[in-house]
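The values are calculated or read from the model by the stated rules, or taken from the named source; none is laboratory data. Keep in mind the model is a prediction, meaning the values are calculated, not measured. Reconstructed Cβ throughout: ideal geometry from the backbone, glycine too, with neighbour counts over all protein chains shown. Accessible surface is based on the protein model in full, side chains and every heavy atom, while ligands, DNA and RNA are left aside. Shrake-Rupley method; radii C 1.70, N 1.55, O 1.52, S 1.80 Å.
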Amino acid sequence: MDARLERKLRSLAVVAAAGAIAGLVFAVAQGRTSPISLTVGASYGLLMSFSLGVTELLVLEGPLREWLGSLSFATNLMARSAIYVAIIIVIQLLHLGEIIAGVSPDTSSKTFWFSLVYSVVLSVVMNLALGITNIIGPRAFLNFVIGRYHTPVEEKRFVLFVDIAGSTGLAERLGGIAIHRLLDRTFRLLTVAVEDYRGEVLNYVGDEIIVTWPERGGAIDCRPLCCFVAMRDELARASSQLEREFGAAPRIRGSLHFGPVIIGEIGDVKRAIVFNGDVMNTAARLEELSRRVDGGFLISRAAMERFGPAPPFAVRDLGRLPIRGRVDGIDVIGIEAPSQVA
């Protein structure tokens, strides 16, 4: 099964289960605790969550993703909430919960409006939470909530630096506004690969995106390496459209390193979770070196040795290269040029 589809189906199952539980809680909150009432509540919760989940995963995160992404935060929130509310109203008007449970519909206006208001408020709150999570990052948001990095900790991480090649020349040719739009479109395309390979976007710095993986998750199926190759594939598929819109199809280069980093919350206003350590500096300097090698990508041996199976594409040992900040240099591995990558 396609990894992207498998992830969506897994998410849908979780959403449906959470919806059934929410339906039970709603029934109990109304004082309806009979088995039939609980069945109706669970049916409504399951049906709504499944319908909204399918719409979210297959429509809002599918064909409408680019359009929704072009909207401001408030407009995006209103558009998503309106779609949610429309689905909820249809389900409520058709009394699908009672039909599934095999009981006579409750046609009292009081029950209908109470249920509708509850569902609409819940939809807006859910979309607001999703919007905020999207701004901060799902894992960063969760880590803030549970306080995982409130006190600094050391973790071993894969760190992937990806840079837009020739961005300075593009900026001079396109101008400030156009290059910003191009970078935004490019990073949105690259994020698809990050999600597919379960990476975490740490930061966007100018024309660069930084992605990380925990040691255990990143080592599975060479995810960081496959993510970079998938990024190139995403840009290749979108190249003709980008050429038509901007007169340019960006290319990327990058680097991958592995080792211990210090992770912790920092600051007061606009508090953030930051990564510090030699691994970050070395990854950045490897990215600088990648500009001078065929294939435009360098992997430290420290990162390569963490992968169990061999990568599903050709790599080559480049030996030890001199690198700024290290007297003895660093052992690196490269990948084939884009046209040669399987």
Would you check if there is a residue in segment 211-219 being under 18 Å from the mean Cα position of the chain (by Cα) and open to solvent by 10 Å² or more (accessible area, probe 1.4 Å)?
yes
Test Y204 against the criterion of being surrounded by fewer than 16 Cβ atoms within 10 Å (Cβ to Cβ) and touching a residue at least 12 places away in the same chain (Cβ under 8 Å), and give yes or no.
yes
Return yes when V194 is among the hydrophobic types (A, V, I, L, M, F, W, C), touching a Cys at 6+ places or on another chain (Cβ under 8 Å) and at pLDDT 90 or above and no when it is not.
yes
Exactly one condition in (1) more than 27 Å from L46 (Cα to Cα); (2) open to solvent by 90 Å² or more (accessible area, probe 1.4 Å); (3) part of a helix (DSSP H, G or I); (4) without any contact (Cβ under 8 Å) to a residue 24 or more places away in the chain is not met by R173; state its number.
(4)
Does G19 count as touching a Phe, Trp or Tyr at 6+ places or on another chain (Cβ under 6 Å), open to solvent by less than 60 Å² (accessible area, probe 1.4 Å) and either over 30 Å from L183 (Cα atoms) or without any contact (Cβ under 8 Å) to a residue 60 or more places away in the chain (or both)?
no
Is it the case that some residue within segment 1-13 is assigned to a loop (DSSP other than H, G, I, E, B) and open to solvent by 30 Å² or more (accessible area, probe 1.4 Å)?
yes
When you scan segment 285-302, do you find a residue that is in contact with a Cys (Cβ under 9 Å, 6 or more places away or on another chain) and closer than 22 Å to C222 by Cα, even just one?
no
Please indicate, with yes or no, whether at least one residue in segment 131-154 is more than 30 Å from G45 (Cβ to Cβ), of a type in the set (K, R) and in contact (Cβ under 8 Å) with a residue 24 or more places away in the chain.
no
Tell me whether segment 274-282 contains one or more residues that are more than 30 Å from A171 (Cβ to Cβ), among the small types (G, A, S) and touching a helix residue (DSSP H, G or I) at 6+ places or on another chain (Cβ under 6 Å).
no
